[in-house]
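Encoded as structure tokens, the structure appears first; notes follow it.
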Amino acid sequence: MKKILKAIIFLLAHSLFAGTFFSGESGLAASFVNKKSFGLDPALVFSGFLGGQLALSKSFSVQGEFSIQTNDLYENGVSKEADSIFRLNEISGTFTQSLLGATHTLTVFKGYNESIGSQKFITRRLGVENYSSLLTESYLGQNGLSAYEVFGTGGSYSVTLRNLPASFGLVVSKNSENEEKNDDDAPQLNADLRFAAATRLLTIDMLAGLGAPLYTKNSSNEDVVLLIDTLYFHTGADILIGNKYSTTSLFIQCGFEYLPIRKSDKSRDFSLNETYFIFEPRFKFGDARLNISIYNIPTNKINSARMVGKSLLIEETFGMDMQMYAETMYKKHRNYSAGVHCMVGFEDKHFKDIGDNDFMDKMNVKFCPFTEIEADGGKVNVLFTANMNKFADSKPGAFKLHIGYKKEL
């Protein structure tokens, strides 16, 4: 009964807020995966999100984002009840005030809040249009793949200058809710500085700070009031050199979470393999686009992405992608785009492993045609994935089909 009520609230949320100052985005997607290389044995999973901002006055607003994901609907029959996961990605309150030639923003939050990769910070502060990679497309909102997650319970303060397209911020959070963040499930206190700027030839959103695991036991397993014996440096950035109208531009998304500053015996060792990056030169030829991407994703992020469905395209820890597509075409009174991803990915390998004897053992070659069509004020996205290696080896998951719809509210 609780699952049904949650689903009803999720579906009716937009209608409940229809009479207020509400703006946001929603999305819903269906993913079909054939569990056999030969023969029909489909799995069907739905995922969706609703996120937005409710302005209660000129100075105060509430932000929220929800996501939902079902298990395989075919497993027990489409008409029968299926388990689903309902997540509150973000709930926050924001107070904004103009003073002394700048806009001051104070936010308290729980859950995800303007993570590096979501581009919510630079969009909310500077009104920048999204410039992220097609590789990180997700229908789980802020719970998608990101270079650095701002997650937990905390607050932030930012100053956005009126005469300069720049914003400066401070974020303090405690992320005891995220068990993946720390060893021994110790809560971690984070303090981060944030900077964003948008000019004609450079757009940047970056964050850097320190995290301190808060232990209540010492190395002898004795109870203590508080023990901080290790500090971790972390950072993340979204960078676009050039702009979406440039004939050539470069997109970089990068970050890491655990670089020990003061190291205890049980602190995590830092490895370059835990560095997240997407390096993507972009080329424009009229309405035609060519993007060439190289990516390296930490193993823990990929494992999480596989389990939750955070990424539609990236399934390996290291790989390359060539995206060829026509950005804007017009047919039957509708704008649409179409293209293909040509991907080569390597499971459980990273850029440091290039040259190893077994580097090619878990290589996947994928061809992924896609299209995006305007419909009813939103966009329909269709993506077909064909994994040539899995098909040749008669492995499950060789073919996948994603159909999604996103709309600004």
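Points to keep in mind about this one:
- Within segment 292-322, the set of residues being of a type in the set (A, V, I, L, M), part of a helix (DSSP H, G or I) and either open to solvent by 10 Å² or more (accessible area, probe 1.4 Å) or modelled with pLDDT of 90 or more (or both) comprises 307, 308.
- For segment 54-69, residues that are assigned to a strand (DSSP E or B), of a type in the set (S, T, N, Q) and more than 14 Å from residue 118 (Cβ to Cβ) total 2.
- Candidate set: segment 102-123, residues that are surrounded by fewer than 24 Cβ atoms within 10 Å (Cβ to Cβ) and charged (D, E, K, R); chosen: the one farthest from residue 158 (Cα to Cα): 110
- Residues of segment 215-247 that are farther than 26 Å from residue 118 by Cβ and either touching a Pro at 6+ places or on another chain (Cβ under 8 Å) or surrounded by 15 or more Cβ atoms within 10 Å (Cβ to Cβ) (or both): 215, 227, 228, 229, 230.
- Filter result for the condition that a residue is touching a Gly at 6+ places or on another chain (Cβ under 6 Å) and modelled with pLDDT under 85, over 19, 39, 52, 24: 24
- Just one of (1) in contact with a strand residue (DSSP E or B) (Cβ under 9 Å, 6 or more places away or on another chain); (2) modelled with pLDDT under 85; (3) open to solvent by 30 Å² or more (accessible area, probe 1.4 Å) fails for residue 60. It is (2).
- Of all residues in segment 75-93 being without any contact (Cβ under 8 Å) to a residue 40 or more places away in the chain and among the polar types (S, T, N, Q), the one that is most open to solvent (accessible area, probe 1.4 Å): 79
The values are calculated or read from the model by the stated rules, or taken from the named source; none is laboratory data. For clarity, every value in this text was computed on a predicted model and none was experimentally measured. Using ideal geometry, Cβ is built from the backbone for each residue, glycine included, and neighbour counts are taken over all protein chains shown. Accessible surface areas use protein heavy atoms only, side chains included; no ligands, DNA or RNA. Shrake-Rupley method; radii C 1.70, N 1.55, O 1.52, S 1.80 Å.
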